[in-house]
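Shown next, in structure tokens, is the structure this report addresses.
Every read-out reported here was derived from the displayed coordinates using simple, explicitly stated rules and does not represent laboratory data. Quantities reported herein were computed from a predicted structural model and do not represent experimental measurements. For neighbour counting, all protein chains shown are included, and Cβ atoms are generated from backbone atoms with ideal geometry for every residue, glycine included.
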Amino acid sequence: MANKKAPKDQFFLKQINETAPAEVPSNPTKPDVKFELEHVYGFSGDRNKACLYFGKDNNEIIYPTAALGVLHDLKTNTQKFFGGIEKDKDAEKYLPNHPNHQDDITTLDIAGGELRNIVASGECGKMSSIHVWDSISMTSIAQFSLGPTAKGVAALSISPCQRYVAAVDQSNDHTMHIYNVQRKKMLLSLSAGSDAIFNIQWSKKANDLKFVAVTSRSLQFWNPADASKKLFKNGTFGSKFTQTKFNCAVFDEDGICYSGGANGGIHIWDQKQELGLVLKAHAGDVTALTCSQGTLVSTGKDDMLSVFSCETGEYQFLRRIPLEVYHFASSLDILDGKVLIGHDNGVIQTVNVDGTNKQVVGISHHDGESWGLEVVQDKGTFLTCGDDNQFYEYSVKDRKCVKKGKVWSYDLFDGKAYETPNVKSTASTLSSYPVHQQARCITFCPRFQHVAVSNNFGDVSIFDYNDFSKRLVTLKRAKEWNEAMSYSPSGEFLAVGSHDDSIYLYKISDGGEYKHHATISMIHSSAITALDWTKDSKYLRAVDQ
């Protein structure tokens with residue numbers, strides 16, 4: 001009887017098993033290398049509301065990303081950081097009295113004053129820590145912990161006099177805490193009620209120690225110095241106005257409070273916490289407000305800025321400015337005639353208050369998580385992808401986004417709805433985008449100038465590197481989502497590591513066409529998390545969970 005020809009998969013595995021290099025022993029010693037953070041590409045505008053501010057002038061901005069406080073110089077396009085220091089990997093995740101944040105920053109505020117350099121920020125996680133820090137030295141001035149039951153810092157604000165911080169936690173009691181910065185002690189801890197608070201703003205009037213807390217149903221006006229001990233009361237609408245939900249609030253230098261409503265109006269509150277006037281500002285929700293130096297600016301879900309003058313209680317509409325980003329903003333600031341806008345899709349933008357000189361100064365992923373990363377060495381760039389239906393190319397030298405593409409659109413797929421064979425296992429996600437628009441890994445092929453992007457179904461789309469809007473083919477063999485992909489150095493193969501415990505190998509013809517070459521299965525017992533080729537493209541190393 002003639003011998004049957006071995007299946008291609010088995011032959012490929014036999015070759016690897018027979019000639020695989022010897023195991024390399026591990027080296028537990030620390031590398032003699034120090035890493036210093038240079039630049040961060042990211043702004044979590046969708047998770048952090050009212051958290052983007054000008055610094056000492058309108059060419060310097062301050063904002064959070066991950067567990068970092070970032071000071072970004074717009075003129076030089078360079079950054080400094082509060083945080084980012086090395087930490088022993090064997091140490092406890094949360095250390096008491098740590099000099100920086102140890103978990104994601106959820107809220108940030110900047111005090112007024114001549115230098116505008118005192119910042120307060122709060123984090124999520126076990127410690128629920130608050131840091132007050134100096135944006136000049138990037139060091140902590142004071143820190144407080146809301147305690148293990150807080151479930152994170154929901155919102156905070158630092159008083160313009162730089163002496164007090166008001167912060168609310170994410171517990172069911174929504175406990176309001178007030179701290180003295182100089183004395184480094186808590187002055188007050190009190191339940192703020194059943195409604196979650198997502199924004200706090202102190203009055204900008206000198207010696208006016210009042211602040212407002214915004215819930216979806218009301219504005220709470222707090223007066224910690226009230227001798228009657230009635231610490232807060234809800235604002236009242238009166239008989240002339242219809243109640244609405246609120247998204248934001250801000251004070252001016254005269255102590256007048258403004259709130260942005262779901263009805264598109266800017267609500268103006270008097271010193272008795274009564275609603276006195278409503279300015280029609282937007283066709284949809286007002287999502288952010290700022291007021292300074294006699295100018296009131298709002299933005300909303302209509303992707304517009306509305307600008308008013310507000311001198312001594314007189315309000316005059318000046319202009320509307322289209323933002324042309326088409327994703328509403330939750331952060332606004334104004335300083336010396338320039339407006340700073342933080343969009344929920346990770347875009348940071350500036351524009352002069354007269355509508356001139358619009359500039360996009362930051363682009364990043366924004367919804368869910370960022371997953372894929374690939375260095376394009378000969379271009380001096382790197383590629384990223386995430387759960388937000390986007391993949392980007394950034395220049396390392398210029399420190400900016402130079403190209404972007406979509407993981408899926410009707411145009412990319414010939415006007416058809418997305419289809420994938422059979423039911424596939426996907427990863428959990430925080431993204432609001434559909435599964436086929438969530439990208440989990442990305443890799444680049446220098447030989448053919450291809451970019452491979454895998455979605456959360458495990459389907460891999462191949463794009464033209466020189467034109468991200470050109471999809472060449474989609475490979476749909478994996479049964480679960482893919483966390484790792486790698487082209488061989490020769491450009492002859494694409495290896496795809498899947499959470500179905502298999503590696504799928506595609507051979508690429510001289511014309512750049514993909515054909516399934518082998519499936520490596522029955523070797524790994526759990527999900528493939530990393531892939532690496534030898535320089536001669538003969539051996540493939542894989543790591544599983």
* Asked: Pulled fully out, how much extra length does the chain show between ARG477 and LEU115, if you take 0.36 nm times their separation in residues and subtract their Cα-Cα distance?
  -> 124.5 nm
* **Local electrostatic count at VAL250 - Lys and Arg +1, Asp and Glu -1, tallied over other residues with Cβ under 15 Å** => -2
* SER428: net charge of surrounding residues, Cβ under 15 Å, Lys/Arg +1, Asp/Glu -1, itself excluded? -> -3
* Asked: When the helices in the chain are scored as -39500 (n - 2.57) per DSSP H run of 4 or longer and the sum is shared across all residues, what 222 nm value do you end up with, to the nearest 500 deg cm²/dmol?
  -> -500 deg cm²/dmol
* Structure fact -> Highest mean packing first, using Cβ neighbours within 10 angstrom, the peptides 421-428, 327-334, 300-307, 88-95 sort as 327-334, 300-307, 421-428, 88-95
* Indicate the gyration tensor shape class of region 70-200 (rounded, prolate or oblate), computed on the Cα atoms with a ≥ b ≥ c the square roots of the eigenvalues: a/c under 1.5 is rounded; otherwise a/b larger than b/c is prolate and the rest oblate. => oblate
* So if we plug the beta-carbon distance of CYS161 and ALA196 into 1/(1 + (r/R0)^6) with R0 = 22 Å, what FRET efficiency do we get, rounded to 0.05? -> 0.20
* Given R₀ = 56 Å, FRET efficiency for LYS34-SER239 by Cβ-Cβ distance, to 0.05? -> 0.25
* **Extension gain, LYS470 back to GLU513 (0.36 nm per residue minus Cα-Cα distance, nm)** => 14.0 nm
* Inter-centroid distance (Cα atoms) of region 60-74 relative to region 480-545, Å -> 38 Å
* What is the distance in Å between the Cα centres of region 272-321 and region 81-123? -> 32 Å
* **Rounded, prolate or oblate (a/c below 1.5 giving rounded, otherwise prolate when a/b exceeds b/c) for the chain by Cα gyration tensor** => prolate
* Structure fact -> For LYS240, counting only lysines whose alpha-carbon sits under 20 Å away and dropping same-chain residues fewer than eight positions off, the answer is LYS272, LYS280
* How high is the FRET efficiency from GLN182 to ASP378, r the C-beta distance, R0 60 Å, rounded to 0.05? -> 0.65
* Extension gain LYS403-SER216, at 0.36 nm per residue separation less the Cα-Cα distance, in nm? -> 63.5 nm
* Asked: Sorted by average packing, counted as other Cβ atoms within 10 angstrom per residue and highest first, what order do 452-464, 104-116 take?
  -> 452-464, 104-116
* Asked: What is the spin-label model distance, in nm, from LYS151 to GLN271 if the labels are put 7 Å beyond Cα along the C-beta direction?
  -> 3.9 nm
* **Local electrostatic count at TYR164 - Lys and Arg +1, Asp and Glu -1, tallied over other residues with Cβ under 15 Å** => +4
* **Relative packing of 232-244, 359-371, 140-152, which averages over residues the other C-beta atoms within 10 Å, highest first** => 359-371, 140-152, 232-244
